[in-house]
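Worksheet for the structure shown next.
Here, each number is a calculation from the coordinates, and none is a lab measurement. What you see is a predicted model; the values in this text were computed from it and never measured. Neighbour counts run over all protein chains shown; Cβ positions are idealised from the backbone, glycine included.
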Amino acid sequence: MDNLGDIVGRSLLITRKPVPLRNEVVERLRSAISKQLLPQGARLIERQLCEMLGVSRTLVREALRQLEAEGLVTIIPNRGPSVAVLDRETAKGIYEVRAVLEALAGELFVKRATEEDRQRLRTAFAAGKRALERGDNAGALDEWTRFYDALHAGARNESISAALCPLIGRTHILRLRSWSMPGRRQESMKELEAMLDAVLGDDPARAWESCRTHVLNAAVSALKSFDQETPQPAKPTSRRTKRTASPRE
C-alpha cells in the first residue's frame, strides 16, 4: 500500500493550529493509525504525509519518531517507516498493565474526585454510550478517550496518565478488535455502566474490581480476535537443483 492518498485522502490536512504544531501532527497520525485509516503494515511515505498534513518533512519525521516510541510505527532498514503490526503477545501485555492501572484509577477516583470530576465523567459516559449504540466507532473511540481522561483526572495521580498515555493508540486498535466480536458491544456497555456506578459510589474496593473486570473482559474478547485470524501459509522453500557447469561457464 504505497499510495497513502488512496487510503485517507486529504482527511489529515491540518487547517488550524490550536496546539503546538508538532503535537497536532503526532495526534493526527496517531488517530489515523488507531482508527485504521492507515492500516497495519501500510508504508508511510514522508512526501505523501507532508502533502496530506500540509506540514514540513522535519515535523513529519519528528512525529514518526514519537509514534515509533509508542509502538505504532516501525522503521524498517532500507525500506522506511510503516504502520506497526500489533501482535497477540503485545496486546496481552498491554491489557495486563491496563487492568492494574485502570483499577487503581477507579479506586483513587472514589477517594479524591470532586463533584466537577464526577459530572465530567457522567457527561463523557453519556456521549460514549450514544456513539457506541449508533455504531459510530470513530466517535466512540474519541468519547471513551474523554471518559478515561476524566477518570484519570479525578484520580489525582499523574503517574497513571503518564504510564497509559503511550498506550493510547494501541489501546484504540485493541478496543476496535474487542468491539468486533459478536455481542461484545452490549457486554462492554453493561460493564461500563457498572463501572460508572462503582466509581461514583463510596466503595474504593468495588471501584477497583469493577474497572479491573471490564479491562480483563475486554482482553478476552480482543485476544480471541487474534486467535480467530486465519494463519498465513508458510512460504515454500525454494530448492535449487545443482547443475553441472557447461563448457561455456
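What does the charge add up to near residue 223, with Lys and Arg as +1, Asp and Glu as -1, over the other residues with Cβ less than 9 Å from its Cβ?
Numbers: positive: 88, 92, 177, 224; negative: 227.
Computed value for this residue: +3.
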What residues of segment 193-209 lie in the reach of a label at residue 122, counting those whose backbone N is under 20 Å from a point 7 Å from the Cα along Cα→Cβ? 193-204, 207
Additional length obtainable on full extension of the chain from residue 133 to residue 97, 0.36 nm per residue less Cα span: 10.2 nm
Scoring only Lys, Arg, Asp and Glu (+1, +1, -1, -1) among other residues with Cβ under 13 Å from the Cβ of residue 102 yields -2
Inter-probe distance in nm under a simple model that places probes 7 Å from Cα toward Cβ, at residue 146 and residue 23: 1.8
Protection proxy ranking, peptides 80-89, 60-69, 147-156, average beta carbon neighbours within 10 Å, highest first: 147-156, 60-69, 80-89
Cα atoms only: what Rg and Dmax, in Å, come out for segment 88-226? 13.7, 41
With label points set 7 Å from each Cα along the Cα-to-Cβ direction at residue 56 and residue 85, the distance between them in nm comes to 3.6
